[in-house]
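Notes follow once the structure below has been shown.
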Amino acid sequence: MIINIAEAKYETISFSDKYDVLPKLNIQEISEDAFNKLKITRNSFQQTPIKKDKGNYFLDINNKILQLKGENDNKTEKKQGGIWYNYLGFYPSLDMYAVSANSVSEGIDFSDFELINKSNGKIVKVVSPGDDKIETPVLSPQINYLAYFHNQIYDNNSFLGY
């Protein structure tokens, strides 16, 4: 059975007005060696292979298939506001696929980072502070947070979110 992405349940997180109510993070510097020894960092994100055919991605969602339209070289289609996806990888600890949802509007490229739950197909969209998606998040050692950054191309700033 094929799942229609348009019918999936979405949750959108990381709106900037919500950051004021989040707990403040206490970031502590550690060495690269200590970071690499943390259990969660070794296999927290994997480039697991998935089925791809004729430019489309096929994700296994609880014995069903979610088909995502992959990037097409047809630039006319992109200009007409279609959405296409890029598969980024899989978070085993979260049981979630990571994808980017891409589009073009008025000649500007846009991209969103999305997590798709492998068990139930629910999609969590992480809002970016700019036009392009956030960079692939890193799990915190206790799996409480996803930390990510976004390099803002228009004003030469970076944004750190969780």
Q) Could you say which residue among LYS69, LYS39, LYS79 is at pLDDT below 70, under 22 Å from ASP132 (Cα atoms) and among the charged types (D, E, K, R)? A) LYS79
Q | Residue count for region 87-122, restricted to those that are modelled with pLDDT under 85 and not in a strand (DSSP E or B) | A | 2
Q. Can you name the residue in region 1-27 that is part of a loop (DSSP other than H, G, I, E, B) and closer than 18 Å to LEU146 by Cβ and is also modelled with the lowest pLDDT among such residues?
A. PHE15
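The values are calculated or read from the model by the stated rules, or taken from the named source; none is laboratory data. Computed from a predicted model, the values in this text were never measured in an experiment. Quick reminder, even Gly has a Cβ in these numbers, built from the backbone with ideal geometry, and neighbours come from all protein chains shown.
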